[in-house]
There are 2 protein chains.
Amino acid sequence: MRKKKKVNAAILIIGNEILSGRTQDKNIVFISNWLNKNCGITVSEARIIPDVEKIIVKNILLLSKSFNYVFTTGGIGPTHDDITAKSIAKAFKVKYSYHSEAYKILERYYGKKKFNDGRKKMAKMPTTAKLIYNPSSAAPGFITKNVISLPGVPSILNSMIDNCKKYLIKGSMVHSTTLNLFTVESNISKKLGEIQKKYKSSVEIGSYPFFRLGKIGVSVVSRSTSQTKLNKVNKELLDLVKVKKIKILKI
Amino acid sequence: MRKKKKVNAAILIIGNEILSGRTQDKNIVFISNWLNKNCGITVSEARIIPDVEKIIVKNILLLSKSFNYVFTTGGIGPTHDDITAKSIAKAFKVKYSYHSEAYKILERYYGKKKFNDGRKKMAKMPTTAKLIYNPSSAAPGFITKNVISLPGVPSILNSMIDNCKKYLIKGSMVHSTTLNLFTVESNISKKLGEIQKKYKSSVEIGSYPFFRLGKIGVSVVSRSTSQTKLNKVNKELLDLVKVKKIKILKI
């Protein structure tokens with residue numbers, strides 16, 4: 001079997017409303033799961049930054065150098081606080097102007113009469129960008145070099161994400177298994193550490209307390225690109241559960 | 001009236017489970033709102049990073065230099081993947097060992113017999129740290145220089161955040177008003193941009209589409225440390241609404 005390479009991405013959430021705590025971000029969870037499942041791409045970092053040009057420019061340059069892809073969300077609408085497209089053009093020193101294909105799409109969608117300045121603004125972007133089509137509200141996202149820009153509204157973002165696929169190279173999908181145990185972390189932490197050490201290079205084991213059905217428990221999550229290694233870890237975990245006589249929560 | 005200064009903070013979410021999309025972060029919204037309301041501190045950046053020591057060290061050093069405070073969440077439990085305390089000690093080149101007060105608190109909480117290695121690990125931290133007491137599950141958070149470390153479990157974090165207050169200087173609280181309008185962004189974007197330009201230095205105006213009661217709308221959010229300036233902006237916005245004959249959504 002051909003060994004796929006590791007492909008990673010960063011997510012850059014652009015928006016004062018997320019930082020101020022007014023709006024709960026939902027795009028990180030969605031993009032991260034979609035990327036892993038559909039493209040075998042791992043999200044290695046996420047940042048939330050304000051609508052400030054020099055901060056956007058700095059982060060675009062830094063993240064686009066450090067990761068295979070950068071996904072931005074937010075700031076591509078028609079109002080004054082939508083400055084993502086302009087900032088990306090500035091970061092990459094490419095022309096920011098009407099994108100002819102985006103202009104045509106929006107003009108057709110709104111009709112010539114209702115195609116006002118605010119709506120025209122959504123066709124302004126790095127002129128070298130390729131479009132990510134938007135089936136729900138027409139205004140396209142776009143890819144500039146390795147930076148993919150999507151809208152902030154989750155329902156619209158979700159409707160267009162499949163259109164990103166053709167621009168992405170595929171990596172190795174991360175498989176995961178979760179064992180929900182009725183115990184406390186400190187009861188299993190020593191053995192868990194030993195198992196993690198043994199499979200250090202291939203499996204990532206995380207331990208997360210939960211409260212369910214009025215009881216305390218621990219979710220042990222193992223993640224790996226190798227299903228075989230994952231099965232081995234799972235066997236060792238089940239042995240531990242047996243020895244310690246821990247109940248497993250059936251969901 | 002004494003003019004308060006601007007005080008800012010960054011939030012550093014440490015945890016593979018948030019990056020992988022397994023768990024929805026809820027701490028950014030909570031911390032940001034709490035900081036603004038209780039301390040007049042503005043969150044200027046948030047980052048989500050994996051449980052990797054060198055990445056944590058790098059981010060702690062960078063963010064603690066760039067912002068007045070850094071709030072970390074996650075990675076202070078009893079298992080192998082909890083490496084926040086050790087990484088912060090490394091970043092600041094201070095001793096990582098049992099913190100005598102934390103050790104006593106945990107020993108009293110669990111009782112000498114049940115105070116096993118996993119639980120003892122939660123008393124290990126930068127020895128120069130001051131504690132953030134935890135009323136719900138004993139294991140304390142801590143402050144090292146300007147970095148405040150809290151647990152990742154939202155219910156526990158929420159129960160201890162008031163205990164951070166005594167370590168924080170107060171800044172100017174940001175007031176905000178929201179106007180929910182039944183219109184589309186492009187209908188008001190031009191005038192909104194003009195108002196923003198006029199109050200550039202004092203009020204931050206954001207525009208966010210919403211879908212409610214089967215209709216499309218726009219939330220116009222104005223934020224400022226000056227209530228007077230905010231009232232002025234609000235008056236101009238209401239004039240715009242009147243001229244354009246836009247319906248306001250009453251909530």
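Figures for the structure shown
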| quantity | calculated |
| --- | --- |
| Count of residues meeting criterion [more than 19 Å from residue B:227 (Cα to Cα) and within 24 Å of the chain's Cα centre (by Cα)] in region B:174-208 | 2 |
| Single residue of region B:120-141 satisfying the filter (surrounded by 15 or more Cβ atoms within 10 Å (Cβ to Cβ) and of a type in the set (S, T, N, Q)) that is modelled with the lowest pLDDT | B:137 |
| Some residue of region B:144-159 being touching a residue at least 24 places away in the same chain (Cβ under 8 Å), farther than 29 Å from residue A:186 by Cβ and assigned by TED's automatic domain parsing to the domain that holds residue B:89 | yes |
| Test for residue A:56: is it more than 19 Å from residue B:12 (Cα to Cα), touching a helix residue (DSSP H, G or I) at 6+ places or on another chain (Cβ under 7 Å) and not polar (S, T, N, Q) | no |
| Among (1) within 14 Å of another protein chain (Cβ to nearest Cβ); (2) in contact with a Lys or Arg (Cβ under 9 Å, 6 or more places away or on another chain) - the single one residue B:249 does not satisfy | (1) |
| Odd one out for residue B:173 among (1) closer than 30 Å to residue A:136 by Cβ; (2) assigned to a loop (DSSP other than H, G, I, E, B) | (1) |
| Region A:177-236, subset over 19 Å from residue B:119 (Cα atoms) and among the acidic types (Asp, Glu), residue farthest from the other protein chains (Cβ to nearest Cβ) | A:236 |
| Flag if residue B:157 is hydrophobic (A, V, I, L, M, F, W, C), outside any strand (DSSP E or B), surrounded by 15 or more Cβ atoms within 10 Å (Cβ to Cβ) and under 20 Å from the mean Cα position of the chain (by Cα) | yes |
| Residues located in region A:18-48, provided they are hydrophobic (A, V, I, L, M, F, W, C) and more than 12 Å from residue B:20 (Cα to Cα) | A:18, A:19, A:39, A:48 |
| Among (1) crowded, with 18+ Cβ neighbours inside 10 Å; (2) in contact with a helix residue (DSSP H, G or I) (Cβ under 7 Å, 6 or more places away or on another chain); (3) not assigned by TED's automatic domain parsing to the domain that holds residue A:233 - the single one residue A:195 does not satisfy | (3) |
| Positions within region B:16-27 being at the interface with chain A (Cβ under 8 Å from one of its Cβ atoms), under 17 Å from residue A:13 (Cβ atoms) and part of a helix (DSSP H, G or I), in sequence order | B:18, B:19 |
| Region B:191-206: number of residues that are out of contact with any strand residue (DSSP E or B) (no Cβ under 7 Å at 6 or more places or on another chain) and in a helix (DSSP H, G or I) | 5 |
| Count of region B:28-61 residues which are more than 10 Å from chain A (Cβ to nearest Cβ), in a helix (DSSP H, G or I) and not basic (Lys, Arg) | 7 |
| Residue within region B:142-154 that is closer than 22 Å to residue A:21 by Cα, in a helix (DSSP H, G or I) and either within 14 Å of chain A (Cβ to nearest Cβ) or at pLDDT 95 or above (or both) present | yes |
| Members of region A:62-91 found to be surrounded by 23 or more Cβ atoms within 10 Å (Cβ to Cβ), in contact with a strand residue (DSSP E or B) (Cβ under 7 Å, 6 or more places away or on another chain) and among the charged types (D, E, K, R), listed by number | A:81 |
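The values are calculated or read from the model by the stated rules, or taken from the named source; none is laboratory data. The shown structure was predicted, so the numbers you read here are calculated from the model rather than taken from an experiment. Virtual Cβ from ideal backbone geometry, glycine too; neighbours counted across all protein chains shown.
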